[in-house]
Amino acid sequence: MIPDRVVARIAARAAGTALHRITGPRYAGADLAAPRAHAATHEGTARLALTLDLPYPMDISGTLRQLQREIRDQVARMTGLDISEVMLTVRRLVVPGQPARVR
């Protein structure tokens, strides 16, 4: 049995790697925070919830669908768990080269 926190770490790493690969060098200068993840496992399945930043402008819905697939595949491959859900929440959109907005 893999602890939830370990599955969450794997998911967060998978999200960061996939996001970097999907966005490519065009958004390399964007000040994106590391993805955060939560996992709930039960009897060989896992549900994942991640919060992340996305660079803007880009195809948000297309990028999120691709991220969901890649995170699901990579976490399943590394853990042997069936991933039943990957819920993504966009924390903020980041425009490369512009200072972060402060409230």
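The values are calculated or read from the model by the stated rules, or taken from the named source; none is laboratory data. Remember, predicted model here, so these are calculated numbers, not experimental data. Using ideal geometry, Cβ is built from the backbone for each residue, glycine included, and neighbour counts are taken over all protein chains shown.
Can you confirm whether region 10-19 contains a residue that is assigned to a loop (DSSP other than H, G, I, E, B) and surrounded by 17 or more Cβ atoms within 10 Å (Cβ to Cβ)? Quick ask: steps written out before the conclusion?
Residues of region 10-19 that are assigned to a loop (DSSP other than H, G, I, E, B), as a first pass: none.
Looking through region 10-19, none of the residues is assigned to a loop (DSSP other than H, G, I, E, B) and surrounded by 17 or more Cβ atoms within 10 Å (Cβ to Cβ).
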>> Every residue in region 24-75 that is under 18 Å from Ala14 (Cβ atoms) and loosely packed, with under 15 Cβ neighbours inside 10 Å, please.
In response: Gly24, Ala33, Ala34, Ala40, Thr45, Arg65, Arg69, Asp73
> Which residues, counting only those in region 31-48, are without any contact (Cβ under 8 Å) to a residue 40 or more places away in the chain, in a loop (DSSP other than H, G, I, E, B) and in contact with a helix residue (DSSP H, G or I) (Cβ under 9 Å, 6 or more places away or on another chain)?
Replying inline: Ala34, Pro35
>> Given the criterion touching a strand residue (DSSP E or B) at 6+ places or on another chain (Cβ under 8 Å) and modelled with pLDDT of 95 or more, identify the matching residue among Arg91, Arg77.
In response: Arg91
> Within region 49-65, can one find any residue that is touching a helix residue (DSSP H, G or I) at 6+ places or on another chain (Cβ under 8 Å), hydrophobic (A, V, I, L, M, F, W, C), without any contact (Cβ under 8 Å) to a residue 24 or more places away in the chain and outside any helix (DSSP H, G or I)?
Replying inline: no
>> Conditions first: (1) surrounded by 14 or more Cβ atoms within 10 Å (Cβ to Cβ); (2) farther than 30 Å from Met1 by Cα; (3) touching a residue at least 60 places away in the same chain (Cβ under 8 Å). Met78 passes all but one, so which condition is the exception?
In response: (2)
